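Below is one structure, written out as structure tokens, with a few remarks after it.
The values are calculated or read from the model by the stated rules, or taken from the named source; none is laboratory data. A quick note: this is a predicted structure, and the numbers were derived from the prediction, not measured. Quick reminder, even Gly has a Cβ in these numbers, built from the backbone with ideal geometry, and neighbours come from all protein chains shown. Ligands, DNA and RNA are excluded from the accessible area calculation, which covers all protein heavy atoms including side chains. Shrake-Rupley method; radii C 1.70, N 1.55, O 1.52, S 1.80 Å.
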Amino acid sequence: MRWVVFLRGVNVGKANRCQPAVIASQLSRLGVINIGAVGTFVVREDVSESALRTAIAKKLPFKCEIMICPARDIIKLAAKNPFTGQPSGEKITRFVSVLAKSLPLPLNLPHCLPSPDDWLLKIIAIQGRFVLGLYRRHMKAIGYLGKIEKLLGVPATTRSWNTMQKVVEILSQD
């Protein structure tokens, strides 16, 4: 089975520094491809989730949350065009937060922070382990991204929708 791996809290500030490109190179036998600098990988070879988790953890010089999703889940998410009808432009970023596990309770959506009238972050959908949303490019928006985990009660790591599209592009090459 093919996988997509998301590392939580990697290369943010001065803590938990690593070189994802080096990790991908060291795990090339598993068909690991690095996407960017924040710990996103596509795994093309057929490997078990537990073997993959162990292999990646051994390459990291620190402990971190490793979210592993079947590639088909990412492809399915992108095929639904989840941002259709949502605002876009230079001042808005579309994002996906990948949860460590599915939510036990639903969240009333859309959920806007700090408020529906003056939002900096808006959660528009939750599909399985994926939280989809928008944030305005504003200094305070980063703080609201950090509140997603607290709001949902589940560890999460966030990527831009552009990163997810790159993942799908690589997966479609197979």
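Annotations for the structure displayed:
- Taken over region 130-141, the criterion of being under 29 Å from ILE75 (Cβ atoms) and either open to solvent by less than 50 Å² (accessible area, probe 1.4 Å) or part of a helix (DSSP H, G or I) (or both) is satisfied by PHE130, VAL131, LEU132, GLY133, LEU134, TYR135, ALA141.
- Residue in region 59-67 that is surrounded by 15 or more Cβ atoms within 10 Å (Cβ to Cβ), closer than 23 Å to SER172 by Cβ and in contact with a strand residue (DSSP E or B) (Cβ under 6 Å, 6 or more places away or on another chain) present: yes
- Put simply, of ASP73, ASP46 the only residue that is closer than 17 Å to SER97 by Cα and charged (D, E, K, R) is ASP73.
- Any hit, region 106-119, residues being touching a Pro at 6+ places or on another chain (Cβ under 8 Å), free of Cβ contacts under 8 Å to residues at least 12 places away in the same chain and not hydrophobic (A, V, I, L, M, F, W, C): yes
- Scanning region 83-113 for residues that are over 17 Å from the mean Cα position of the chain (by Cα) and within 12 Å of ILE148 (Cα to Cα) yields LEU107, HIS111, CYS112, LEU113.
- Scanning region 1-57 for residues that are touching a Cys at 6+ places or on another chain (Cβ under 7 Å), in contact (Cβ under 8 Å) with a residue 60 or more places away in the chain and either charged (D, E, K, R) or surrounded by fewer than 19 Cβ atoms within 10 Å (Cβ to Cβ) (or both) yields ARG8, GLY9.
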